[in-house]
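Okay, so here's the structure we're looking at.
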Amino acid sequence: EAEEERDAALAEARELISRVHQLEEQGHSAGLAVVQELEGAKAQLAAAELKHTKAHSDLAASKKQIETQTAAAKNAENDMRLMYKRHKKEMTELQDKYKSGELEERYRVATHKAMQMKALVHKWVGYAREMG
């Protein structure tokens, strides 16, 4: 009877040892799965951090480009204002000259000089023909 008990205890011990080995293998497999999942998560995190860094860099570049374009637009607006003021001033001066008759007088003088030049050229051409 003692031998049967011993054999039963030994069989139970062997079964327990087998069960422990089985659990260790399952634990090792589960550990490998956890490690693999952890490595996958690390790779995903690294990729996400890289995307975040690139997006941050792109955002900074876009921000700088917008600032540059805004400054250029303001400069263009200021230039247009100055050109408009200059044009308006020139138009006012021209209208004042027209109203005062200054332009008509200048035209009359220029026309008179042109007629004198035409007569002089005609005279020289005639003289050149006589000589020539």
request  = Express the carbon and sulfur contribution to the solvent-accessible surface of the chain as a percent, rounded to the nearest whole number, probe 1.4 angstrom.
outcome  = 60 percent
remark   = HN-Hα couplings for region 15-25 via Karplus (6.51, -1.76, 1.60; θ = phi - 60°), in whole Hz with x for Gly/Pro, come out as 5, 5, 5, 4, 5, 4, 4, 4, 5, 4, 5
remark   = Note to self: with every protein chain in place and a 1.4 Å probe, region 1-73 gives an accessible area per residue in Å² of 91 Å²
Descending principal axes extents, region 12-107, alpha-carbon based, whole Å = 132, 15, 11
Debye intensity ratio in log₁₀ form over the Cα atoms of region 87-132, taken at each q of 0.32 Å⁻¹ = -0.98
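The values are calculated or read from the model by the stated rules, or taken from the named source; none is laboratory data. None of these values were measured; they are calculated from a predicted model. The area values use the complete protein model at the heavy-atom level, side chains included, leaving out ligands, DNA and RNA. Shrake-Rupley method; radii C 1.70, N 1.55, O 1.52, S 1.80 Å.
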